[in-house]
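K.L.:
Structure in structure tokens, see below.
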Amino acid sequence: MSSVIDAESFLAIDIGSTTTRALLFDVVDGAYHFLAAGSAPSTWAAPFHDVGEGVHLALTRLQEITSRPIMDEGSRLILPTRPDGSGVDRLALTLSAGNDVRMVVIGLLEEVSLASARRLATTTYGKIVESLGLNDHRRQDAQLDALLQASADFFILAGGTEKGATRSVSKLVELVLLALKTMRPESRPRILYCGNQALTKKLKEVLSRYTEVFAAPNIRPTFDQEDLAPAADALAKMTVSLRGQQFGGLSALGQLTAGPVLPTAIATLRLVRFLSELYDPAKGVLGVEVGSHATYLAGAIGGRERLKVFRPLGNGLGMQGVLERISPADVARWVPMEVSVQEVEDYLWQKSLYPATIPATTTTLAIEQGLVREILRYAAQAFQEDYPDCAMTFEPIFAGGAALAQAGSPVQSLLMLLDGLQPTGVSTLFLDPYGLMPALGAIAAANQLLPVQILESGAFQNLGAVICPVSNAKPGTVILKARLVYEDGNEVKMEIRQGSLVPLPIRHGQTARLYLEAMRGTEIDPRRKTAGGFKIVGGLCGAVIDARGRPLSLPAEPNRRRELLLRWTQALETRRPV
Amino acid sequence: MLAQVTHILGLTSIRRVRTLPVSGRVLVASRQKVNASDVIAEAQIPSQHVLVDVRRALRLSSVEQAQRAIVRNEGERVFEGDVIAETGGLFQRMVRAPADGQVVMIAGGRVILEVQSQPVQIVAGVPGYVTEVIQERGAVIEGQGALIQGAWGNDRVAEGMLVNLLNAPDEEMTRQKMDVSLRGAVVVGGMCTDAEVLRMGEELPLRGLILSSMSASLVPVARSVSYPILLTEGFGRIPMNEAAYALISTNDKRDVALYTPFRPLAGERPELIIPLPAVGEPAADFAYFKPDQKVRISGAPYPSHVGVLVRLLPGLTVLPNGVRAQAAEVRLSKDTLVVVPLANLEVIQSV
């Protein structure tokens with residue numbers, strides 16, 4: 001493990017769809033600190049089609065904030081640090097910018113290799129435009145047309161267990177070969193083969209005459225076993241390589257980095273995996289980000305990695321995906337003031353035209369936060385459908401993205417997460433206001449000390465401990481008896497009723513021990529024993545018991561619903577300890 | 001900070017690069033005069049193939065035999081019933097083309113015929129001259145005139161006479177205003193919430209419709225009509241910005257071109273072009289915020305208001321709703337100075 005003895009300063013750049021961020025880390029008083037962030041609009045799209053200008057502006061802003069020269073007179077990055085203190089030692093680069101990657105998934109059985117290939121595809125920033133399996137009943141020429149018309153960037157080819165038969169996979173490869181031969185050379189997709197390894201060598205030999213072929217270990221080595229991680233890394237590499245061709249400036253920047261350029265979601269997954277190993281692996285760690293163009297959930301639990309990227313699905317450039325998946329009426333139900341569904345629909349469409357716009361009024365902020373709740377709800381549901389072993393029980397949960405991290409108050413961020421993700425059990429919610437998650441994930445491979453020290457430094461905002469019991473009791477019934485014992489021996493006792501949202505009297509940074517007695521079959525946490533009490537640390541919102549039930553339901557009657565939404569906000573805002 | 005730019009210009013030089021997504025045929029020559037709706041390049045994108053398995057059809061035992069039986073070459077055109085493959089001998093067997101098409105590939109004893117393709121065309125979008133031909137891809141078009149860039153469009157193109165129905169930027173476009181005198185015109189309306197207005201435009205027919213804004217629920221109808229629709233501001237009930245309103249008001253009854261693609265990431269925005277017999281200066285596609293710039297505000301509480309940027313505020317500003325953002329002071333009128341997040345401003349390049 002690295003130590004501060006061989007300390008190096010790190011610059012992390014994240015090129016997002018809307019914003020490019022530059023983050024500076026260095027050693028201060030013997031420990032790594034996050035020093036500052038500079039951001040600027042991303043320039044990968046028109047009129048620049050080059051990431052360079054956005055990066056240059058973000059670095060210029062960072063220089064202004066820190067008064068530390070990072071670029072030389074020719075606007076080149078100073079690497080490594082010079083004796084006068086200018087520059088940085090190492091660079092990490094992550095990106096989520098770019099158009100949707102178009103993917104075709106090809107496998108054998110619908111519920112086996114095709115299902116795994118679909119899950120693999122959702123680890124990157126794109127969408128599945130066609131899928132083809134052994135039980136596809138279309139004529140072979142119709143299948144060929146489907147492959148040709150998909151205008152795909154990638155074909156993901158899976159199928160066959162290890163030491164299993166190869167004939168069926170070969171048949172699919174034959175079709176892929178026909179498609180490649182029929183396509184114009186410039187239209188041919190890159191291929192990721194992650195099926196039966198007995199075929200890898202032969203397949204690479206045949207297909208690489210026509211296109212670039214990447215190979216990864218079998219994502220379905222046995223019928224019952226799925227292993228997406230190595231193939232997800234290969235897919236990440238393919239995505240970065242594609243971006244290098246699609247817009248300028250990236251390849252040159254990529255040559256300066258300490259490690260490989262990573263897609264933002266993959267980098268966050270690395271951090272989450274790292275933290276999961278560092279903390280209690282059984283509890284699991286979740287990273288979630290609602291971005292302009294994409295939303296992702298990255299979880300690690302018991303040594304298993306779980307990543308799902310939803311794209312397009314975001315509160316800016318990803319609005320088209322929102323409008324296809326989420327109804328404006330569902331967004332409107334979270335708004336605590338009188339707005340019509342038409343007004344909400346107009347707002348969402350307008351946001352699709354001006355994706356970088358910031359809500360500047362109370363009403364537009366409420367609409368935007370309603371949208372974030374629905375995006376999170378949709379994403380959490382789909383995540384759990386793909387990974388049934390991942391209930392929304394993680395400790396801790398890290399959340400990022402401008403809408404979540406730059407809300408009007410910490411309570412607003414907390415409520416968006418509780419209402420959207422609807423976690424269960426005991427957790428601590430952290431906010432990532434500077435976009436540190438992917439940066440730390442990208443740096444973790446080169447320096448494991450830095451992420452740990454940054455996490456301990458308070459760069460993430462602790463929103464608070466949350467306890468979300470699950471009960472079938474009727475609303476108003478007492479489901480928990482809580483006893484909060486402070487360090488000085490004083491204690492507070494409370495009864496928690498089904499349907500309530502209760503702030504616990506604990507200040508930011510204060511620690512206490514919480515004893516819970518479950519009543520009427522209430523489950524406090526499916527993954528952890530809470531009988532002997534457990535320590536909690538107050539965050540910006542103190543600590544909260546969310547006994548509103550799962551799934552959370554809102555009254556249908558608009559006035560009652562608005563009143564309830566206001567009551568929940570007031571419960572936390574007015575009783576938030578300072 | 002880098003700013004988004006919208007052009008609302010009384011006279012400018014407009015240069016647009018138009019290219020096909022795949023290689024095809026360029027239909028114009030250098031220095032040729034074009035109208036906005038002229039097709040300048042086209043390509044055929046294969047959409048349907050037929051796979052003929054010669055080995056199986058002729059019941060041959062090997063791929064080599066099948067390959068030898070095929071009597072066509074790659075690239076050859078065939079018509080329905082033409083022989084594709086045949087065996088020799090006394091009891092000759094044949095495989096015929098199931099449809100008109102082109103042989104695109106012969107391999108493994110199989111023949112792939114492309115039997116249908118879809119044409120892809122690109123239009124000039126700007127009335128002007130071809131200044132450069134890009135081989136097999138498209139051309140560069142240059143024109144002169146007034147230019148108004150919109151916020152959204154339904155991806156159509158047309159030319160016609162501009163008829164301005166607006167007496168104020170915040171007027172509503174209603175079906176009562178639609179009559180037969182508008183036939184063939186590019187009509188300027190205001191805010192629209194009635195789908196019937198768009199349908200009536202199709203029946204008349206209009207050559208084009210410019211609205212300040214419309215309800216988002218009208219999008220499916222707007223996408224179904226054959227004439228171009230341009231929204232200067234976007235969705236909801238938003239009045240037309242003063243700069244666009246003033247320019248439109250002074251160009252009533254002129255011949256105009258309306259091209260309404262909406263592919264902002266690719267740099268294609270809906271545009272109203274009013275050709276003028278004068279030479280203008282090209283306008284920049286990007287700008288950096290600085291004092292004295294004319295800016296337009298997007299989003300509440302001042303949607304589509306145009307003002308002058310007074311100063312960039314240092315650090316982050318806390319907005320009334322608690323959100324913190326980089327912001328600027330914008331003067332909307334002599335007595336009205338407002339603070340707006342930079343993200344909600346775009347620079348209006350206007351003359």
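K.L.:
I want to check the label-to-label distance for B:Ser30 and B:Glu172. Put each point 7 Å from Cα in the C-beta direction and report it in nm to one decimal.
P.N.:
Label-label distance for B:Ser30 and B:Glu172, simple model: 5.6 nm.
K.L.:
Under a crude label model (7 Å from the Cα following the beta-carbon direction), how far is A:Gln197 from B:Ser226 in nanometres?
P.N.:
6.1
K.L.:
Out of residues 5 or more away from A:Cys468 or on other chains, whose amide H comes under 5 Å of its own, with H placed 1.01 Å from N in the peptide plane?
P.N.:
HN-HN under 5 Å from A:Cys468: A:Gly425, A:Val426, A:Ser427, A:Asp546.
K.L.:
Using the beta-carbon distance between A:Glu174 and A:Gln255 and R0 = 56 Å, what value does 1/(1 + (r/R0)^6) give for FRET efficiency, to the nearest 0.05?
P.N.:
After rounding, the FRET efficiency stands at 0.90.
K.L.:
Could I ask something else about it? Please give, to one decimal in nm, the separation of the simple spin-label points placed at B:Asp53 and A:Ser340, each 7 Å out from Cα toward the Cβ.
P.N.:
5.9
K.L.:
Scale the Cα Rg of segment B:44-118 by the rule-of-thumb value 2.2 N^0.38 Å and send over the ratio, two decimals.
P.N.:
Numbers: Rg = 12.1 Å, N = 75, 2.2 N^0.38 = 11.3 Å.
For segment B:44-118, the normalised Cα radius of gyration is 1.06.
K.L.:
Loop only per DSSP, at most 12 neighbouring Cβ atoms within 10 Å: give me the GluC sites (Glu not before Pro) in segment A:430-514, ordered by residue number.
P.N.:
A:Glu487
K.L.:
Using the Cα atoms of segment A:305-455, I'd like the radius of gyration and the largest Cα-Cα distance, Dmax, both in angstrom.
P.N.:
Rg, Dmax (Cα atoms, Å): 16.2, 52.
K.L.:
Rounded to the nearest 0.05, what FRET efficiency do B:Asp100 and A:Glu385 have when you use their Cβ-Cβ distance and R0 = 56 Å? It would help to have the intermediate numbers written out before the result.
P.N.:
Numbers: r = 46 Å, r/R0 = 0.83.
For B:Asp100 and A:Glu385, the calculated efficiency is 0.75.
K.L.:
Please give me, ordered by residue number, the GluC sites (Glu not before Pro) of segment A:11-120 that lie in loop per DSSP and have at most 15 other Cβ atoms within 10 Å.
P.N.:
Qualifying residues, ordered by number: A:Glu73.
K.L.:
Can you give the Rg to Rh ratio of segment A:305-346, both from alpha-carbon atoms, with Rh computed by the Kirkwood formula? Before the final figure, lay out the partial values.
P.N.:
Details: Rg = 12.6 Å, Rh = 11.5 Å.
My calculation puts Rg/Rh at 1.09.
K.L.:
Quote the FRET efficiency, to the nearest 0.05, computed for B:Gln121 versus A:His49 with a Förster distance R0 of 25 Å and r equal to the Cβ-Cβ distance.
P.N.:
So the FRET efficiency works out to roughly 0.55.
K.L.:
Moving on. Out of residues 5 or more away from B:Asp38 or on other chains, whose amide H comes under 5 Å of its own, with H placed 1.01 Å from N in the peptide plane?
P.N.:
Here the answer is B:Ala124, B:Gly125, since their amide H atoms fall under 5 Å of that of B:Asp38.
K.L.:
Starting with the fewest neighbours, write out A:Ile106, A:Ile128 ranked by other beta-carbon atoms found within 10 Å of each beta-carbon.
P.N.:
A:Ile128, A:Ile106
K.L.:
For segment A:101-246, what mean projected area does the convex hull of the alpha carbons give, in nm²?
P.N.:
On the way: hull surface 30.2 nm².
Average projection, Cα convex hull of segment A:101-246: 7.6 nm².
K.L.:
In the P(r) worked out for segment B:289-350, what percent of Cα pairs fall beyond 15 Å?
P.N.:
That tail contains 42 percent of the Cα-Cα pairs.
K.L.:
Moving to a separate point now. Counting each pair of different Cα atoms once, what's the Kirkwood radius of chain A in Å, rounded to one decimal?
P.N.:
25.1
K.L.:
Let me ask something additional. Calculate, in nm to one decimal, what A:Glu186 and A:Val28 gain on full extension: separation in residues at 0.36 nm each, minus their alpha carbon distance.
P.N.:
51.8 nm
K.L.:
Here's a follow-up. For segment B:78-113, which trypsin sites (Lys or Arg not before Pro) pass both filters: DSSP loop (anything but H, G, I, E, B) and at most 15 other C-beta atoms within 10 Å?
P.N.:
Loop-located and lightly packed - B:Arg93.
K.L.:
Next up: If amide H atoms are built 1.01 Å from N in the plane of the peptide, which residues on other chains or at least 5 residues away come under 5 Å of the amide H of B:Val120?
P.N.:
Long-range HN contacts for B:Val120: B:Ala43, B:Gln44, B:Ile45.
K.L.:
Report the extension gain between B:Glu76 and B:Glu42 in nm, rounded to one decimal, defined as 0.36 nm multiplied by the number of residues separating them, less their alpha carbon distance.
P.N.:
Fully extending the segment from B:Glu76 to B:Glu42 adds 10.1 nm.
K.L.:
May I ask you to list the lysines whose Cα is less than 20 Å away from that of A:Lys308, ignoring any residue fewer than eight positions away on the same chain?
P.N.:
Those lysines meeting the cut-off are A:Lys127, A:Lys237, A:Lys283.
K.L.:
Using 0.36 nm per residue of separation minus the Cα-Cα distance, give me the extension gain between B:Asp292 and B:Leu332 in nm, one decimal.
P.N.:
Working: separation 40, 0.36 × 40 = 14.40 nm, distance 1.20 nm.
Gain on extension, B:Asp292 to B:Leu332, equals 13.2 nm.
K.L.:
So what's the angle, to the nearest 10 degrees on a 0 to 90 scale, between helix A:229-246 and the longest Cα principal axis of chain A?
P.N.:
The angle comes out at about 70 degrees.
Read-outs throughout are calculated quantities, based only on the coordinates presented, and are distinct from any laboratory measurement. Keep in mind that this is a model prediction, so the values were computed, not measured. Virtual Cβ from ideal backbone geometry, glycine too; neighbours counted across all protein chains shown.
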